[in-house]
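Trainee: Structure below; questions to follow.
The values are calculated or read from the model by the stated rules, or taken from the named source; none is laboratory data. This is a predicted model, so every value here is computed, not measured. Counting neighbours? That spans all protein chains shown, and the Cβs are built from the backbone with ideal geometry, glycine included.
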Amino acid sequence: MQYDPNIPIWLQVMTRIKTDIVTGKSPPSGKLPGARDLALAYSINPNTAARVYQELEKEGLCETRRGLGTFVTADAGRVKALRDEMARKAAEDYLTRLSLLGFTREEALNKLQEDF
Amino acid sequence: MLESIDLTKKYGTKTAVENVSLRLTPGHIYAMLGPNGSGKTTWMKMAAGLVKPTSGQILFDGTPVGIESRKKIAYMSTEPYFYTWMTVRDVGKYYGDFFEDYSPEQYGRLLAEMELTEDLKTSTLSSGMMAKLKIAVTLARDAHVYMLDEPFNGIDLLARDAIRGCILSRFSPDRILLLSSHLVEEMEAIADQAVFIKAGRLAETADLEDLRTREGVSMADRYRTIFGHEEATK
């Protein structure tokens, strides 16, 4: 994975894992690699990898069971909410970019309709 | 903990390292950065117990470095240091004779990772293969501290991934890893702390994720800010 060195690495890896959760590549209740293996898989510092799990836990997307490892939340409602959050974020990004190009909100939405 | 206190090294009238006070704690991967001749190598050689400080101290777990600390600190210098008649296997044995913490199994694993085989003669190795061999044999020790001076030098893009993997595999909460490199970008994701050395002095230490979070700044950006344009990152 290529990283943007100006954005926290934990955030970039976290976004990737969130995508895996939303798409079902990492299914609800599924086991995630340990922080050490995550560090190796993503070629990142192990402290950064630990941070990824701390942040995912804070958002209720995974839980660590002592001695067993880290698991994706079993809460399907939480996963659905994450999907909505991520879609909303993508839509916001689109609107922001088009506003930088001088489009009004309405024009941006219309453009989406026309072109796709 | 590896700690230097007011550490200074002079060679005649030239000061290579000047009053550097620096603390490296276990559980971190440090990137030591600075242009050529800024004193990184000299600092590492003093930490390895190979060069005596002119003044100041360098302590490992509270004791001045020396014969004892050398058993626990694995250091890779930039110079080649194998005899030309040696095979890759001989290099491992040679290390085994010197260091009690050397692990042949670990060496085997690292060689496989680096795509090197034991019967290769060191005299026939390309510079990239030689660089990989040095890293493999250094990391084959079960040391408390690993100091690698320029581990990415002369190594192609694909092999750098393997090297990053090997370095990360040696991380543990009770170990210190210190890497120096001109290839700043290669260390952005694997290091968590940066130590900037400018003209023999400690310019700054930084937590990299902190730097990105608070200022949206990368290690390479910071490097450019500190060292200006006279030495652009390659």
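Trainee: Go through (1) free of Cβ contacts under 8 Å to residues at least 24 places away in the same chain; (2) under 30 Å from B:Leu178 (Cβ atoms) one by one and return the number of the condition A:Arg51 breaks.
Mentor: Checking A:Arg51 against (1) free of Cβ contacts under 8 Å to residues at least 24 places away in the same chain; (2) under 30 Å from B:Leu178 (Cβ atoms), the one that fails is (1).
Trainee: Of all the residues that make up segment A:72-103, how many are without any contact (Cβ under 8 Å) to a residue 24 or more places away in the chain and touching a helix residue (DSSP H, G or I) at 6+ places or on another chain (Cβ under 8 Å)?
Mentor: 5
Trainee: Name every residue in segment B:131-158 that is in contact with a helix residue (DSSP H, G or I) (Cβ under 7 Å, 6 or more places away or on another chain) and of a type in the set (A, V, I, L, M, F, W, C), in order of residue number.
Mentor: Hits for segment B:131-158 are B:Leu133, B:Ile135, B:Ala136, B:Val137, B:Leu139, B:Ala140, B:Met147, B:Leu148, B:Phe152, B:Ile155.
Trainee: Given the conditions (1) modelled with pLDDT of 95 or more; (2) exposed (fewer than 11 other Cβ atoms within 10 Å of the Cβ), report the number of the one that A:Arg65 does not fulfil.
Mentor: (1)
Trainee: When you scan segment B:54-85, how many residues do you find that are over 15 Å from B:Leu2 (Cα atoms), modelled with pLDDT of 95 or more and in contact with a helix residue (DSSP H, G or I) (Cβ under 7 Å, 6 or more places away or on another chain)?
Mentor: Residues that pass the stated criteria total 1.
Trainee: Still on this structure, please answer the following. For segment B:139-234, which fully contained helices (runs of 4 or more DSSP H) count at least 1 residues that are within 22 Å of B:Thr8 (Cα to Cα)?
Mentor: Of the helices (runs of 4 or more DSSP H) lying wholly inside segment B:139-234, those with at least 1 residues that are within 22 Å of B:Thr8 (Cα to Cα) span B:219-227.
Trainee: Are any residues in segment B:148-193 of a type in the set (S, T, N, Q) and facing chain A (nearest Cβ under 10 Å), and if so, which ones?
Mentor: Across segment B:148-193, the qualifying residues are B:Ser169, B:Ser172, B:Gln193.
Trainee: Please specify each residue of segment A:51-62 satisfying the condition of being surrounded by fewer than 16 Cβ atoms within 10 Å (Cβ to Cβ) and of a type outside the set (S, T, N, Q).
Mentor: Hits for segment A:51-62 are A:Glu57, A:Lys58, A:Glu59, A:Gly60.
Trainee: State which residue is surrounded by the fewest Cβ atoms within 10 Å (Cβ to Cβ) when the search covers only segment B:56-84 and only residues that are hydrophobic (A, V, I, L, M, F, W, C) and in a strand (DSSP E or B).
Mentor: B:Leu59
Trainee: Can you find, within segment B:21-55, the residue that is farthest from the other protein chains (Cβ to nearest Cβ) among those that are small (Gly, Ala, Ser) and without any contact (Cβ under 8 Å) to a residue 60 or more places away in the chain?
Mentor: Among them, the one singled out is B:Ser55.
Trainee: Among the residues of segment A:26-41, are any closer than 29 Å to A:Lys111 by Cβ and either exposed (fewer than 14 other Cβ atoms within 10 Å of the Cβ) or within 14 Å of chain B (Cβ to nearest Cβ) (or both)?
Mentor: No, segment A:26-41 contains no residue that is closer than 29 Å to A:Lys111 by Cβ and either exposed (fewer than 14 other Cβ atoms within 10 Å of the Cβ) or within 14 Å of chain B (Cβ to nearest Cβ) (or both).
Trainee: Is it true that some residue in segment B:87-105 is outside any helix (DSSP H, G or I) and touching a Leu at 6+ places or on another chain (Cβ under 8 Å)?
Mentor: Yes, segment B:87-105 contains at least one residue that is outside any helix (DSSP H, G or I) and touching a Leu at 6+ places or on another chain (Cβ under 8 Å).
Trainee: Could you tell me which residue of segment A:1-25 is farthest from B:Ser218 (Cα to Cα), considering only residues that are more than 13 Å from every other protein chain (Cβ to nearest Cβ) and part of a loop (DSSP other than H, G, I, E, B)?
Mentor: Going through the qualifying residues, I end up with A:Gly24.
Trainee: Also: Looking only at segment A:73-83, how many residues end up being within 15 Å of A:Gly30 (Cα to Cα) and either within 13 Å of the chain's Cα centre (by Cα) or part of a helix (DSSP H, G or I) (or both)?
Mentor: 3
Trainee: Pull up segment B:139-184, narrow it to residues that are closer than 26 Å to B:Asp221 by Cβ and polar (S, T, N, Q), then point me to the one that is surrounded by the fewest Cβ atoms within 10 Å (Cβ to Cβ).
Mentor: This residue is B:Asn153.
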